[in-house]
Amino acid sequence: MSTTTADTRKTADSRRTADTRRTAKAPRRRGERSRLASVALHVSLIIASVIAVFPPLWLLITSFKPKTDAFDTSLVKDFTLGNYSHVINDTDFPSWLQNSLVVVGLSTVIGVFISATTGYAVSRFRFPGMRPLMWLLLLTQMFPVAVLIVPLYNLLAKLGLLNQPVGLVVTYLTVAVPFCAWMMKGYFDGIPVEIDEAGRVDGLNPFGTFWRLILPLAKPGLAVTAFYTFITGWAEVAYASAFMTGEENLTLSGGLQTFVNQYTSDWGSLTAAAVIIAAPAAVVFGLVQRHLVSGLTAGATKS
């Protein structure tokens with residue numbers, strides 16, 4: 001009788017233990033978030049997305065409002081394209097656009113070529129002064145724009161390059177090339193050296209190897225370099241305002257300041273011009289965006 005009771009108690013205890021194990025919360029795997037943490041993360045991302053999207057969205061909405069409703073917090077009541085018509089037909093916007101296209105086009109083409117050749121040289125060759133050159137490229141990124149405006153202005157004035165597109169091209173290259181050269185070096189470091197050796201076996205000189213074999217493999221890095229150089233010139237304001245005077249010589253970023261200043265406040269035209277200026281940047285980003293992640297990752301991790 002006592003044996004049967006003991007067996008019954010053991011069976012009951014084992015059942016309670018099994019039930020407890022089944023009902024106990026399973027431990028989370030490494031990297032797995034709790035439900036509360038997941039909800040908090042998604043709420044934070046939604047809030048951050050709204051904060052990021054609201055300014056350009058409100059800019060777009062304001063550009064379709066009459067000038068008298070620029071500060072109206074409601075949505076568009078009287079839809080109009082008058083702001084766009086005024087910017088394109090009644091201002092020097094076409095001249096600003098032409099100046100920007102010339103400056104940015106030259107800066108992008110020359111910047112990509114110099115950055116790629118510099119990055120390839122320091123990646124594949126060893127020559128006297130290579131390490132100081134790389135440190136010099138890094139040091140140029142330490143100085144803020146406000147510190148460089150005056151010496152660059154004096155230098156361009158001595159060279160007669162003020163109010164000249166070439167002056168802005170040289171200025172933007174000094175900003176974009178050091179960073180892009182470092183990034184391209186990191187990307188070229190990830191391309192096997194055996195490809196260069198195969199090119200030399202086939203009779204190619206170093207530049208021929210670079211141009212015909214290595215450069216086609218570096219498209220992601222070139223895309224990032226082109227995009228960074230393009231944005232540097234397209235969205236830059238300080239140098240364009242300081243080195244270019246006269247409305248006919250301004251670029252797009254400098255021309256925007258003529259709509260809202262100490263004398264006038266034409267917010268409708270400003271928002272319309274800003275939307276037009278943002279469109280080419282969005283198009284360029286769409287064309288190169290599939291290369292941006294791989295190019296930035298390679299340049300950041302391999303250098």
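Quick notes on this structure:
- Single residue of the stretch 82-130 satisfying the filter (hydroxyl-bearing (Ser, Thr, Tyr) and within 30 Å of VAL260 (Cβ to Cβ)) that is surrounded by the fewest Cβ atoms within 10 Å (Cβ to Cβ): SER85
- Tally, over the stretch 49-71, of residues that are surrounded by 13 or more Cβ atoms within 10 Å (Cβ to Cβ) and part of a loop (DSSP other than H, G, I, E, B): 4
- Residue in the stretch 199-213 that is hydroxyl-bearing (Ser, Thr, Tyr), surrounded by 13 or more Cβ atoms within 10 Å (Cβ to Cβ) and over 29 Å from the mean Cα position of the chain (by Cα) present: yes
- Taken over the stretch 118-140, the residue count meeting the criterion of being in a loop (DSSP other than H, G, I, E, B) and under 23 Å from PRO206 (Cα atoms) is 5.
- Pick from the stretch 141-185, criterion small (Gly, Ala, Ser) and assigned to a helix (DSSP H, G or I), ranking: surrounded by the most Cβ atoms within 10 Å (Cβ to Cβ): ALA176
- Filter result for SER123 (touching a Ser or Thr at 6+ places or on another chain (Cβ under 7 Å) and in contact (Cβ under 8 Å) with a residue 12 or more places away in the chain): no
- Tabulated pairs, the stretch 78-106, first more than 16 Å from ALA279 (Cα to Cα) and touching a residue at least 24 places away in the same chain (Cβ under 8 Å), second part of a loop (DSSP other than H, G, I, E, B) and among the polar types (S, T, N, Q), C-beta under 8 angstrom, 6+ apart or interchain: ASN99/THR251; VAL103/THR251
- Inside the stretch 233-280, residues that are assigned to a helix (DSSP H, G or I) and of a type outside the set (Asp, Glu) make up a count of 30.
Quick note: the coordinates plus some simple rules give every number you see, no bench work behind them. What you see is a predicted model; the values in this text were computed from it and never measured. In this analysis, Cβ positions are derived from the backbone assuming ideal geometry, glycine residues included, and neighbour counts consider all displayed protein chains.
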